[in-house]
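Input: a single structure, listed below in C-alpha cells.
The values are calculated or read from the model by the stated rules, or taken from the named source; none is laboratory data. Being a predicted model, the structure only gives us computed values, none of them experimental. Glycine gets a Cβ as well: all are built from the backbone with ideal geometry, and neighbour counts include every protein chain shown. Please note that ligands, DNA and RNA were not included when accessible areas were found on the heavy atoms of the full protein model with its side chains. Shrake-Rupley method; radii C 1.70, N 1.55, O 1.52, S 1.80 Å.
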Amino acid sequence: NLVGDDSFAQAVYLIGGKEVLDAILALLEWSGSAKKTLAVQEQAARALFYLSDAKMIESLLNMSSGSDIAMKAVEVLKATQKKEEDEKGGPQLPSSSTIMVNPPASVEHLDIHRTIRNCLDHTTTSASPSLQRWSASSLRNLIIEDQRRSLVAASESAQTGGVAPLNYESFSLQLVSSGGVMILCSLIGADDADTRAHATAALSATIDATRAVDASQATLREMRGEPPTSGSNGNSTSDASIVEAIVSGGGCGSSLAQLLLSADDAVAGMGCSFASSLVRPILTNPQGSSLSEGGMAQSVGKDDDGLAAYRN
C-alpha cells in the first residue's frame, strides 16, 4: 500500500524518467487476454494510479533540485552512469559529474493523452475486474492532471498577450469523440462498487475540468480579439457537449438513481455531487433561473440562453 508515501512515485519520475513511464504504458498496450498478460497489466495500471496522483505531482512541482530526494536521485543516476562507463571502458557523454534533475520538469515525462487512451481501453476489460477497477481509478487522476497542464499552457500564452501558441491541448473534448464518456457512463452501472465510484468521480472531474479549460480558452480568445467559438449568446459549448454525451450515454438514468437512493451516505453524496456538476450552470448562471415573457420558466428543449444541455 503506497497511499501517503510518495517516495516510490517520486523515484520513478526523478530516476526512471520518460523511459520507465513509457515502458509501463507499453505493458498496457500488450494485446491478448491471457491471465499472465492481464496480471501484468493490472500491476501497470495500479502503478499509474499512484504515479498520476494529484498530491504526488504537486509534491514534485514544489520540489527544488537541492532537496534531499532530488540529491539522492542524482546520486543514484551518477552511480548508474559510472557503472555504464566502467562497462564500456571509458567516460561517456554526458559525464556522470554533470548529471542533474529538475523535479518540476520531470512531471512532463508522463504522456497524458496516451495514458488516458490506454486506461479507457482497459476499463472495458470485463475479463479482469481488478484491471478494470485500477484503470477507472487512474482516469480521474489523469483528467485532473490534464486540466492542470491545460491551464498552465493557457496562462503561459496569456503572459505573452495570447501571441504564443498553446504548448498543450486538453484531452477533455476527445473524451466525447473517442467514446470515453460513453464508456464511463456504462461503468456507473457496473457490478463492482469501486468501479462505479471511480467512473462517477472521473465523469465529475471531466465536467469540472472542461469548464475550467473553457474559461481559460475564452480569456485567450478575448485577448486575441477572436470571436467566441459558440453562438451569439457567448456561452462555451464544450462542457455542454460533455453533458449531452453523458445524458445520451445513460449516465443520468437508473444508474444515477441507484446512487442517489443508496443507504450509504458516501455513495449517495457522490451521486449528489455528480448530479450537481451536471446542472451547475443553471444554478450559478443568472440566466438559468430567469423567466421568459409571461413569467414562465424556460422550457426544456429551448436554448434561448445557451443552457438547454443542462436542462435536458
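Rounded to the nearest 0.05, what FRET efficiency is calculated for residue 64 and residue 219 with R0 set to 35 Å and r the Cβ-Cβ distance?
Calculated transfer efficiency: 0.70.
Taking the mean number of other Cβ atoms within 10 Å as a proxy for protection, how do you rank 214-223, 115-124 from highest to lowest?
Order by mean packing, descending: 115-124, 214-223.
Efficiency by 1/(1 + (r/R0)^6): what FRET value for residue 279 and residue 72, r their Cβ-Cβ distance, R0 = 41 Å, to the nearest 0.05?
That gives a FRET efficiency of 0.25.
When the solvent-accessible surface of protein heavy atoms is calculated with a 1.4 angstrom probe, in what order do 163, 76 fall, highest first?
In descending accessible area the options line up as 163, 76.
In the range 5-68, what chymotrypsin sites (Phe, Trp or Tyr not before Pro) fall in a loop by DSSP, with at most 11 other Cβ atoms inside 10 Å?
Loop-located and lightly packed - none at all.
Specify which residue in the list 174, 185, 217 is farthest towards the positive end of the charge dipole of the range 155-232, using unit charges on the beta carbon of Lys, Arg (+1) and Asp, Glu (-1), about the Cα centre.
Going by the Cα projections, it comes out as 217.
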